[in-house]
Amino acid sequence: MKTGRAALFLLLAVLLAVPFAVLGQVRIERDAQGHITITNKGSKEAREGVSSNSRPSPAVPTRERLEIQGKLRRACRQKGLDYQLVSALVEAESGYRPNVLSKKGAIGLMQLMPDTAKRFGCRDPWNLDQNIIGGTAYLAYLQKVFNHNTPLVLAAYNAGENAVQKYLNHIPPYAETVRYVFRILDDYGRPSVFREAKALLTHPGDFEKYYVETKGVRPTYHVYYMYVDAKGVRHIYDYPPSGVVTQKIIYKEE
């Protein structure tokens, strides 16, 4: 896998101050923008010109998806959230995969950044139940901040509330954020809310430029394997190592 720009190998505290060590075939690095990159650079395979063994992640099995949906419904009822909207958000964030690590370092089903997870009571964002608690608590908070304005809530969940406020309560002119808001609203299926979002764009041309022209583009997900050793250090491989209990994680690239 390519790293793109020059990267800094992460020795400690990649996520939530939990140390990572990378033994075997893959490494965790950060590029010049601070994005997390998983690569086989430096491994025997890379030296021999062999690509990483990671494979595309399949869709979540129906039974597992239904179980997650049940947990999400209960959390939405408790927090006063629209389940259909939150479900569309989860589909965009992780495709209902509970163990996703994004290029920017967001974790889990609802793709919580470590600081946001802590802020909203999620001690371990790799834990599905805690991830849902933290993500729905953040959405409930954003509903209050933006007076239940759905497009602004979504924009803030993606870019942060400060970014939305910086642009005077409009959708920030960020390609990722514009795509994110309209992808979710398209799935949500409420034309009036979709029209409201278009009216809230900082730059009206962003709809065509960032959403329409890239509408068919979707994230790619690759499977890796993680285990935590006796010292609490997380190790990531692109194959299931023998002799240890591993947790499957999914690396998300957009």
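At 20 °C and a viscosity of 1.002 mPa s, what translational diffusion coefficient does Stokes-Einstein give for region 149-212, taking Rh as the Kirkwood radius over Cα pairs? Give it in µm²/s as a whole number. It diffuses with D of about 193 µm²/s by this estimate. For the peptides 147-155, 64-72, the ranking by mean Cβ contacts within 10 Å, running from highest to lowest, is 147-155, 64-72.
Ordered by the count of other Cβ atoms within 10 Å of each Cβ, fewest first, S102, S242 give S242, S102.
For L109, the residues 5 or more places off, or on other chains, whose built amide H falls under 5 Å of its own are V100. Of K71/K215; K215/K252; K71/K104, which ones are farther than 20 Å apart at the Cα? Over 20 Å Cα-Cα: K71/K215; K71/K104. Of all aspartates and glutamates in the structure, those lying under 19 Å Cα to Cα from K231, and not within fewer than 8 positions of it along the same chain, are D124. Working note: Cα gyration tensor of region 140-254, eigenvalues times five, square-rooted, sorted largest first, giving semi-axes of 36, 17, 12 Å. For a straight C-alpha distance cut-off of 19 angstrom, the aspartates and glutamates reachable from K198 (same-chain residues fewer than eight places away being disregarded) are E161, E176, D186, D187, D206, E208, E213.
Every read-out reported here was derived from the displayed coordinates using simple, explicitly stated rules and does not represent laboratory data. Keep in mind it's a predicted model, so treat the numbers as computed, not measured. In this analysis, Cβ positions are derived from the backbone assuming ideal geometry, glycine residues included, and neighbour counts consider all displayed protein chains.
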